[in-house]
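The values are calculated or read from the model by the stated rules, or taken from the named source; none is laboratory data. Source: prediction; values computed, not measured. Methodologically, a virtual Cβ is constructed for each residue, glycine included, from the backbone with ideal geometry; neighbour enumeration extends over all protein chains shown. Accessible surface is based on the protein model in full, side chains and every heavy atom, while ligands, DNA and RNA are left aside. Shrake-Rupley method; radii C 1.70, N 1.55, O 1.52, S 1.80 Å.
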Amino acid sequence: MSEELSDLLKVRREKLQNIRDKGVNPYPYKFTATAHSNQVLENFNQLAEGQESAETVAIAGRIMTKRGHGKASFATIQDEFGRIQIYAKLDVIGESQYELWQNLDMGDYIGVTGHVFRTKTNEITVRVEKLEILSKSLLPLPEKWHGLQDKEIRYRERYLDLMVNPEVKEVFVKRSKIVSFIRRFLEEKGFLEVETPVLHVLQGGAAARPFETFHDALSMPLFMRIAPELYLKRLLVGGFEKVFEMGRVFRNEGMSFKHNPEYTMIEIYQAYVDYHDIMQLTEDLIVHAAKEVLGTVELEFRGEKINLTPPWKKITLEDALKENGIDIIGKTDDQIRTLGKEKGIEGAKELGIGKIINELYDKFVEPNLRQPTFIIDHPLETSPLAKKHRSKAGKVERFELIMAGMELANAFSELNDPIDQMQRFQKQADLKAAGDEEAESMDEDFLRALEYGMPPAGGLGIGIDRLVMLLTNSPSIRDVIFFPHMRPLAKTQPKPEEMDTLKKDQNESK
RNA sequence: GCGCCAUUAGCUCAAUUGGCAGAGCAGCUGACUCUUAAUCAGUUGGUUGAAGGUUCAAGUCCUUCAUGGCGCACCA
């Protein structure tokens, strides 16, 4: 394979040498452009055919197509904002520069300076009067018409995907705008963006299996965070009233179109409000984000129409179950256990009653929720950080936001009764002892913080990647993450020597 | 983790019942000073994902493995 490839590679390397032989540096240090492709197209749109701009422009970009005509040539160059045609003519640039031109390939970066004109076929074009190579490309680009289709290469070599598939860039530009909008929206409401540890000593803030790592100097295991929740609540204890953190969390679980091992979550905490207020905030934030970035609240996702027009449906988890043919209202624990078994919930005998209800919900309700819906008032047992419901026994004040069958957000009236919290942790500890890998750790320092007193508060977590999926009609989470996790290819794995060196370091520190 | 499908030239794809592994783009050579999937003429390029097996003969059938996609399971 490398034998054959070397044919294509050899030619490019020969051209590189040709350029050097002419005394030209194929990798120079800078180029000062006066405009981007889109600006040139706009600014000179009024030029008539054959007419030429009074001033010259300087633009830089990557050569994407090249059409030679002997002593003249057309090419298209691409910059961050689009493509523009350029025209190089022997008469104009002279023999030496035209020789350089002939050593250029698709993929090379160049800078060109010249007047702008409109061709006979009506295209705004930059006449090359001065040509500079800015970077020689040594690898061939994918096919110019079909582009790059292979999903594996698109994910592994995202840089290539971005080069040749313009719609990919659009998705990530939108992602950036959504993230930026969320920050602005919250800051305007007086929220403060904060940062808390990513390396955790304890597992907490959510039900998930963590990644484990090791601190050599302290000689202790650490966990990559599964949620920032417990640190953000400590900030409420410290006196901040409105905080948020947007950042990466890590969960050691399966991968799918809606799961990546590391993903971006925003958590928002506000003192003196309850989960009803947070529901309103969630709705406002997402509706405004859609309007800002898409200009509409009517989405299409995976071929399905999703309408974000408020107000969104609110329904208790029990009522939602009932709507889907599973009536647990007024039933005893034993009756629910039997129902779970009938409905094919595995281990319905041993599982806690809350867990069974959750599984029934996951299986029979969530997939059917297509339009934005707040599912509220979950069982206490599976919500160890949420405050008990003010009027419903055995429930907490919690909501999950579901769209297109996907959980997008999770929130509660935050539990601030330290004694209740301690008892909930104790129950989690029992579950952990019984083998539940997702159960939370007893966090003594967090309990001490609560004992000093945390104001009543509402808290919210939103999965940013999933929100971006919905707002950009991206069918997979991998389409909204630049470099989604992939199994490494053999040649990209760490070398054995490297691993040996790392292990040696670890042993010496012990 | 389980099931189904895919893997052929740098890229996009063909190859009939198991019977000589092909095309377009890209590349190279030549022609061409307003083309735009430029055009025209010629031309290079293959361990068919890897390893075994069946067969006179394997891209094609069988086994194992690798990577990916899509479902399911688990989760957010």
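Only residues that are at pLDDT below 95 and either touching a strand residue (DSSP E or B) at 6+ places or on another chain (Cβ under 7 Å) or small (Gly, Ala, Ser) (or both) were counted in the stretch A:120-162, giving 2.
Taken over the stretch A:170-200, the residue count meeting the criterion of being within 20 Å of A:LEU232 (Cβ to Cβ) and of a type in the set (Val, Ile, Thr) is 5.
Restricting attention to the stretch A:135-159 and to residues that are crowded, with 17+ Cβ neighbours inside 10 Å and among the aliphatic types (A, V, I, L, M), the residue that is farthest from A:ARG62 (Cα to Cα) turns out to be A:LEU148.
Cβ-Cβ contacts under 7 Å between residues 6 or more apart (or on different chains), taken from a first residue in the stretch A:37-52 that is over 13 Å from A:THR119 (Cα atoms) to a second residue that is among the hydroxyl-bearing types (Ser, Thr, Tyr) and at pLDDT below 95, are absent.
Could you list, in sequence order, all residues of the stretch A:164-178 that are within 12 Å of RNA strand B (Cβ to nearest atom) and part of a helix (DSSP H, G or I)? Give the derivation first.
Step one: list which residues in the stretch A:164-178 are within 12 Å of RNA strand B (Cβ to nearest atom), which gives A:164-165.
Scanning the stretch A:164-178 gives a single hit, A:VAL164.
A quick yes/no check of all residues on (1) among the small types (Gly, Ala, Ser); (2) within 16 Å of RNA strand B (Cβ to nearest atom):
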{"site": "A:VAL198", "(1), (2)": "no, yes"}
{"site": "A:HIS215", "(1), (2)": "no, no"}
{"site": "A:MET220", "(1), (2)": "no, no"}
{"site": "A:TYR231", "(1), (2)": "no, no"}
{"site": "A:GLY239", "(1), (2)": "yes, no"}
{"site": "A:LYS242", "(1), (2)": "no, no"}
{"site": "A:ARG248", "(1), (2)": "no, yes"}
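Among residues of the stretch A:324-343 that are in contact (Cβ under 8 Å) with a residue 40 or more places away in the chain and more than 18 Å from A:LYS395 (Cβ to Cβ), those with a beta-carbon under 7 Å from a residue that is of a type outside the set (A, V, I, L, M) and open to solvent by 70 Å² or more (accessible area, probe 1.4 Å) at least six positions away or on a different chain give the pairs A:ASN324/A:ASN368. On the given criteria, is A:LEU380 touching a Lys or Arg at 6+ places or on another chain (Cβ under 7 Å), assigned by the TED database to the domain that holds A:MET246 and not β-branched (Val, Ile, Thr)? Yes: the conditions hold for A:LEU380. Looking across the stretch A:356-394 at every residue that is among the polar types (S, T, N, Q), open to solvent by 10 Å² or more (accessible area, probe 1.4 Å) and assigned to a loop (DSSP other than H, G, I, E, B), the one that is farthest from A:ASP274 (Cα to Cα) is identified as A:GLN371. Filtered by the rule that a residue be open to solvent by 30 Å² or more (accessible area, probe 1.4 Å) and closer than 17 Å to A:ALA54 by Cβ, the stretch A:119-129 gives A:ARG127, A:GLU129.
On the basis of being part of a helix (DSSP H, G or I) and at pLDDT below 95, does A:LEU8 make the cut?
In short, yes.
The residues of the stretch A:215-240 that are part of a helix (DSSP H, G or I) and more than 13 Å from A:GLU195 (Cα to Cα), listed by number, are A:LEU236, A:VAL237, A:GLY238.
Sort through A:THR32, A:THR76, A:THR56, A:THR113 and tell me the only one that's among the hydroxyl-bearing types (Ser, Thr, Tyr), out of contact with any Asp or Glu (no Cβ under 8 Å at 6 or more places or on another chain) and more than 9 Å from RNA strand B (Cβ to nearest atom).
Values: A:THR76 fails: more than 9 Å from RNA strand B (Cβ to nearest atom); A:THR56 fails: out of contact with any Asp or Glu (no Cβ under 8 Å at 6 or more places or on another chain); A:THR113 fails: out of contact with any Asp or Glu (no Cβ under 8 Å at 6 or more places or on another chain).
The unique qualifying residue is A:THR32.
Do the conditions hold for A:ARG127, that is, is it in contact (Cβ under 8 Å) with a residue 24 or more places away in the chain and either among the hydroxyl-bearing types (Ser, Thr, Tyr) or not assigned by the TED database to the domain that holds A:ASN38 (or both)? Spelling it out, it is not the case that A:ARG127 is in contact (Cβ under 8 Å) with a residue 24 or more places away in the chain and either among the hydroxyl-bearing types (Ser, Thr, Tyr) or not assigned by the TED database to the domain that holds A:ASN38 (or both).
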